[in-house]
Amino acid sequence: MTDPLISVVAPIYDEGPGVEQFVARIAEVLEPAGLRYEVVLIDDGSTDDSWSRIVGQAQADPRVRGLRLSRNFGKESALLAGLEAASGDAVVVIDSDLQHPPSAIPAMVRRWQDGAHVVEAVKRNRTGQSIGNRLSSRLFNKAFTGLTRVDLVDATDFRLLSRAALDALHRMPEHSSFFRGTSSWIGFTRATVEVDIDHRAGGASRWTLRALFRLAVNGLTSFTSAPLHLVTLAGLAFAVFSVLLGAQTVVRWVSGHSVAGFTTVILLLLVTGTFVLIGLGVIGEYLARIHEEVRGRPRYLIEERTVRDAIPEQWVVEQRAER
Ligand code: UDP
Ligand code: MG
C-alpha cells in the first residue's frame, strides 16, 4: 500500500503574493514530516493576480492544483468546490492567509491515523483578531451552540476530514452551507488539536461586515428553527400581556377614571410594531432560504482548472485500485 494522500484545501480571495508564501510554507512543513500531499487552491473570483500565481505554482510543482471559480461565490462555496475536487484519503481545510498554522497539520494527520475521522483545530489564543471581531464571534458561537447543540465555541474552519466524513458531508444538498456547522453535525469520531491563531500574513480580512452577518444568519437558519419558535413564544407572551392590560383598562374605564392615554398608546404602538416587524423578518429569513434551495442553482461554477493535472497518472490509478 502506498502512503496515504493528504489533500490541503485552501480558498484564495485576492491573496496576491500570499499564494507563493502559502504553498512554500505547506511544503516546508509537510515534506520533513514525510507526508504525501496535494494542495488544492480555489481562486474565489479574485480581482488581483492570484490566479496567475496559482497557475505558476501548479506549473512549478505537480502537487499543486488550482480551480478558478467564475466569480466571487464566498468562502463557503469555494471550500465546497475544493472539497469536491480533493482526491486525498484525508482532507485538511485551511485558510490561505497563514492565520491557521500549517505546522499543526502533521499532528492532525497523526490523530487521523489513530482513528479520528474529524480533527478540529481549536483556538488557544486569539492574537490575530480585533476585539470587536473576537466579541462578536464569541457571542455568535455561544448563541449558536445554545440554540443548536452543535458546539462551536473556540471552533475554526481549520479541520481535517477523513474520506468517510467527507463523503458524509457531500451528501448534504443544502445550497448555503456552513462548513463549521455541517462538519460538526455529521458526527464521526472526533479529536482536537490546539493551535495559536496568528496574525494575517498580508492585507486585511477579506470578510466584509455584511458577508459576516449573512454567514451568521445562514448558519443559524440552516441549523435550527428555534428563532421561529421564539416568535411564537413572544406572541404568546404578548397575548397574556394584552389580556391583563385590557382587563385593567376596562375596569378603570367602568369605574370612571381611565388613564390619560396618549403616552400609553404611543408606547404600545412602538412595542407591537417592533415585535411584528421582527417576527416578519425572522419568517422572511426562512422564506428566503426556502426560495434559495428551491431554485436549486449550482453552488459554484468553475471557470477553469490548472492545465496539468497535479496528480501524476499512476497516482490516480493507484487511488482507484485502492477503493
Ligand atoms: N476567502 C474566500 N472568499 C471570500 C472571502 C475570503 O475565499 O469571499 C478566503 C480568504 O482568501 C482566506 C480565507 O477565506 O483564505 C479566510 O479569509 P480571511 O482571512 O479574510 O477571514 P478571517 O481570517 O478574517 O476570518
Ligand atoms: Mg484570516
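Here the Gaussian network model covers the chain, with springs between Cα atoms less than 10 Å apart; of GLY16, GLY219, GLY235, GLY235 fluctuates the most. Per-residue Karplus couplings for the range 74-80, computed as 6.51 cos²θ - 1.76 cosθ + 1.60 with θ equal to phi - 60°, are listed in order as x, 4, 4, 5, 4, 4, 4 Hz, Gly and Pro entered as x. For the range 91-165, the calculated P(r) over all alpha carbon pairs, in 5 Å bins from 0 to the bin holding the longest distance, is 3, 14, 21, 22, 19, 14, 6, 1 percent. Each listed q (0.18, 0.27 Å⁻¹) maps to a log10 I(q)/I(0) for the range 207-293 from the Debye sum over equal C-alpha point scatterers, namely -0.87, -1.31. About its Cα centre, the range 1-110 has a charge dipole of approximately 220 debye under the convention of +1 per Lys or Arg Cβ and -1 per Asp or Glu Cβ, with nothing else charged.
Among beta bridges identified by DSSP and lying wholly in the chain, the antiparallel ones come to about 30 percent. Taking max minus min of the alpha-carbon positions on each principal axis, the range 34-133 gives extents of 39, 37, 22 Å, largest first. Counting only DSSP beta bridges whose two residues both lie in the range 69-225, roughly 50 percent are antiparallel. Each of VAL243, SER255, LEU41 was scored by the projection of its Cα onto the charge dipole of the chain, and the greatest displacement toward the positive side belongs to SER255; charges sit on the C-beta of Lys, Arg, Asp and Glu. In whole Å, what is the distance between the alpha-carbon centres of the range 1-28 and the range 143-180? So the two Cα centres are separated by 22 Å. Rounded to the nearest Hz, the phi-derived 3J(HN,Hα) couplings of the range 47-61 under the Karplus curve 6.51 cos²θ - 1.76 cosθ + 1.60 (θ = phi - 60°) are 9, 9, 8, 3, 5, 5, 5, 4, 4, x, 4, 5, 6, 6, 9, where x marks glycine and proline. Applied to the range 185-199, the Karplus parametrisation 6.51 cos²θ - 1.76 cosθ + 1.60 on θ = phi - 60° returns per-residue 3J(HN,Hα) values of 4, 5, x, 6, 4, 10, 9, 10, 10, 8, 10, 9, 6, 8, 6 Hz, with x for Gly and Pro. Normalised by the number of residues in the range 159-273, the average gap of Cα pairs under 8 Å and 6 or more apart makes the relative contact order 25 percent. Computed from Cα atoms, the angle from the helix 262-295 axis to the main principal axis of the chain rounds to 30 degrees.
For the chain, a Kirkwood radius taken over Cα pairs fed into Stokes-Einstein (20 °C, viscosity 1.002 mPa s) yields D = 96 µm²/s.
Each value in this text was obtained by applying a stated rule to the coordinates, not by laboratory testing. Bear in mind the structure is a predicted one, so any value in this text is a computation, not a measurement. In this analysis, Cβ positions are derived from the backbone assuming ideal geometry, glycine residues included, and neighbour counts consider all displayed protein chains.
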